[in-house]
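Beneath this line is the structure, given in structure tokens, with notes to follow.
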Amino acid sequence: MSRMTASAPPDQDERPLAMANDRRVVVGLVAAIWVGLGGLLWLVMLGEEGAVRATLLASTIVGTAALTAHAVIAVHSRRALGPWRWPVMALVLGLLGWLSHLALMRLGMVQSLIQDLVNMTVVTGVALAISQAWSGHRARQDLTREAALRASAEARLAEGRLRPTGLMPVKVGHGERMVDPALVSHVEAEGNFSTLHLATGSVFVSEALKDMVLRLEPYGFVRVHKSHAVNAEWIVERRRDAVVLRSGISLPVGRAYRT
């Protein structure tokens, strides 16, 4: 299980600075690519179309291409669609490609619908391939980070500074209760409080989730959602948008925690 410790938007204050900066860099690069393509297309059209018309055509072509590409990528990321994901992607691509064709015809660019759809498919395919390559890069980063964390945990265990088992005090009402973290499957946020879900029941704790995560991290807990942290030892299956615990419970994985 990869370590994922940033909170999902819109809780920007809980997101680690490194991940926030990383997202800004990616968004900036993507925007620069589309603007660069628009500028190149404008220069190509400038000699034949004139400045105003070249600007309209270039902005329309690049704008509709960007809209289509990102819409298809968004659909592709919806694993919940199951076998309907690819038909929906084709439908989105065809619909936006047709709207792009209509917009270009209104601007006087006469071209067949088939040609416009082919062009849009190629651009979208390239954008989707880049998106998948970036996702693979992030997954490799997470694996490297996970290996480093595991090595660090093993070193701490060898030094006697990490207890894989043992009781931990938690605040319950005005008192405390001793809980074995190994028996906790996951922790759920309840406003400014939390609920520990154990194999034998649940415990309502007078501590916020972010505070509980800090205390439970040495025991192998990772945050997968702004409202959930899980015991990595309990995970039997990990999907892009969910994790399944050995108790049979499926918990969502927040967008900011996905690989």
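A few remarks follow.
- With the highest mean first, a sort of the peptides 240-247, 26-33 on other beta-carbon atoms found within 10 angstrom per residue produces 240-247, 26-33.
- For segment 91-135, the solvent-accessible area with a 1.4 angstrom probe is 61 square angstrom per residue.
- Residue-by-residue Karplus 3J(HN,Hα) for segment 195-209, coefficients 6.51, -1.76, 1.60, Hz, glycine and proline x: 10, 8, 9, 9, 5, 9, x, 9, 10, 7, 10, 8, 9, 5, 4
- When the trypsin sites (Lys or Arg not before Pro) in segment 26-129 are filtered for DSSP coil states and for at most 16 other beta-carbon atoms within 10 Å of their beta-carbon, the remaining sites are R78.
- Measuring r between the beta carbons of A51 and W134 and using R0 = 45 Å, the FRET efficiency lands at 0.80.
- Couplings for segment 224-229, taken from phi via the Karplus curve 6.51 cos²θ - 1.76 cosθ + 1.60 with θ = phi - 60°, read 10, 7, 5, 10, 9, 10 Hz in order; Gly and Pro are left as x.
The values are calculated or read from the model by the stated rules, or taken from the named source; none is laboratory data. Because the structure is predicted, anything quoted here is derived from the model rather than measured. Counting neighbours? That spans all protein chains shown, and the Cβs are built from the backbone with ideal geometry, glycine included. Just so you know, the surface numbers come from the protein's heavy atoms only, side chains and all, with ligands and any DNA or RNA stripped out. Shrake-Rupley method; radii C 1.70, N 1.55, O 1.52, S 1.80 Å.
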